[in-house]
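Worksheet: the structure to be examined is printed underneath.
The values are calculated or read from the model by the stated rules, or taken from the named source; none is laboratory data. Please read these numbers as outputs of a predicted model, since none were measured by experiment. Note that each Cβ is placed from the backbone with ideal geometry, even for glycine, and that neighbours are counted across all protein chains shown. Note: accessible area is taken over every heavy atom of the protein model, side chains too, but ligands, DNA and RNA are not part of it. Shrake-Rupley method; radii C 1.70, N 1.55, O 1.52, S 1.80 Å.
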Amino acid sequence: MERILFSLTLDDRPDLLRAQIENLNHFCPDSAICIHMAADANFTREELSSYADFDNVVINPASYDVINQKGCLHAHIGNFRYAIERDVKFDKILLYSPEEILVKPGMRNYVAGHALGTQIELYDAVETFETWSIFRKEVLSLPKLESMLGALGLPIFAGGQAEGQFFSKSIFRSVDQLFTQHFPMEPSGFPSEQVIPATVAMCLGMNGTDVAMPVTIIDHSSYVQFSDELLSQITVGKGAIYAPGKARSLRPVHLGSCVLKDVFAVSCTDSEGYDPRNFILEQVAREGKNKAQVN
């Protein structure tokens, strides 16, 4: 069975990390986790180590600058390289954030069935009410991005959500090489993690590679409000969720289609204070109780 490397970059709230690692280990056992500590993190490496003392966790000794909306792909590339340096065994890398939490098992089998999974939205130079704010002429005309697109033979780039993207080791090695040929290991001035992997995926798709969807459903690009009822539906994996998208936000890729069977995690940052961790803890407790009754 293939092994997943979860790549996580952290700059705040290390106290939530232990629960997140336990959640990953519960729903995706035998995975590996590599953690990047941002250069301006508000905690020490000693604090981080105290929360991340698990056998399947390695902490990247390099700390890069990470600036919101200015790109963090370099941090994930650093994790990828360090995991290889440490001889961590993995077949796929999955880009993960502190806000994500798994809600059901099965992701390992889903990821094993695909070379990569990411959202691909094509750049549109026409500014409309619905246009994603990252699809701007100023981004397209950035010299380093222009250089990268020239190397790929593309006139425009693609974009997609950062959360829940995954790639085979060989494909992410190509992402690494492409990035480092054109960008330094620092914030690139745009959300590189939302643009460069999606652009590579677009190229692969045009050349015959099937691209799956990311495994995480997000709430910050639409007016969906996560709740226990919605998480129950995601856990069952049937039906569809409907909600209008937000202006100048990325198209919510998982809404309006019956794709919930392929959703395994949620990123809850804009649901009026709803905390999915309580739902998951209750679910895990019920599972334990049912197993105890069977035994």
Per-residue HN-Hα couplings for the stretch 200-216, Karplus 6.51 cos²θ - 1.76 cosθ + 1.60 at θ = phi - 60°, whole Hz, x for Gly and Pro? 4, 4, 4, 4, 5, x, 5, 9, x, 8, 6, 10, 7, 8, x, 8, 10
For Cys258, tell me the accessible area in Å² from a 1.4 Å probe, rounded to the nearest 10. 100 Å²
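Tell me whether the stretch 43-108 comes out rounded, prolate or oblate; compute the Cα gyration tensor, take square roots of the eigenvalues as a ≥ b ≥ c, and use a/c under 1.5 as the rounded threshold.
Numbers: a/c = 1.24, a/b = 1.15, b/c = 1.08.
Rounded.
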In Å², and per residue, what accessible area does the stretch 69-161 have when probed at 1.4 Å with the other protein chains present? 43 Å²
Would you work out what percent of the accessible area of the stretch 9-84, with all protein chains in place, is carbon or sulfur (probe 1.4 Å)? 48 percent
Span from the the stretch 171-186 Cα centroid across to the the stretch 225-261 one, whole angstrom: 32 Å
With a 1.4 Å probe and all protein chains kept in place, how do Glu186, Glu287, Glu193 rank by accessible area, largest first? Glu186, Glu287, Glu193
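Once the Cβ-Cβ distance between Arg248 and Leu142 is put in as r, and R0 is 25 Å, what FRET efficiency do you end up with, to the nearest 0.05? Mind showing how you got there, number by number?
Numbers: r = 19 Å, r/R0 = 0.77.
Once the sixth-power term is evaluated, E becomes 0.85.
Taking a 1.4 Å probe, which of Lys104, Lys144 shows the most accessible area, and what order do the others take after it?
On the way: Lys104 15, Lys144 105 Å².
Order by accessible area, largest first: Lys144, Lys104.
Using only alpha carbons, build the gyration tensor for the stretch 224-288 and give me the equivalent ellipsoid semi-axes, biggest first, whole Å.
Values: eigenvalues 99, 45, 14 Å².
Equivalent ellipsoid of the stretch 224-288: 22, 15, 8 Å, largest first.
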When the solvent-accessible surface of protein heavy atoms is calculated with a 1.4 angstrom probe, in what order do Ser7, Ser49, Ser249 fall, highest first? Ser49, Ser249, Ser7
Computed accessible area, Ser50, all protein chains, 1.4 angstrom probe, square angstrom: 60 Å²
Listed by chain and number, the residues whose amide H is under 5 Å from that of Gln119, excluding neighbours fewer than 5 places away on the same chain and using placed H, are Gln161
Per residue, what accessible area does the stretch 205-295 have, given a 1.4 Å probe and all protein chains present, in Å²? 54 Å²
Per the 1.4 Å probe, what fraction of the accessible area of the stretch 111-222, in percent, lies on carbon and sulfur atoms? 54 percent
With every protein chain left in place and a probe of 1.4 Å, what is the accessible surface of Asp65, to the nearest 10 Å²? 90 Å²
J(HN,Hα) series, the stretch 47-57, from Karplus relation 6.51 cos²θ - 1.76 cosθ + 1.60, nearest Hz, glycine and proline x: 4, 4, 4, 5, 8, 10, 7, 10, 5, 9, 10
Pair-distance profile P(r), taking every C-alpha pair of the chain, with 5 angstrom steps and integer %: 1, 5, 12, 16, 19, 18, 14, 9, 4, 1, 1, 0, 0
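Among DSSP beta bridges lying fully in the chain, give the percent that are antiparallel, nearest 5. Walk me through the numbers before you get to the answer.
Values: 11 of 29 bridges.
The answer is about 40 percent antiparallel.
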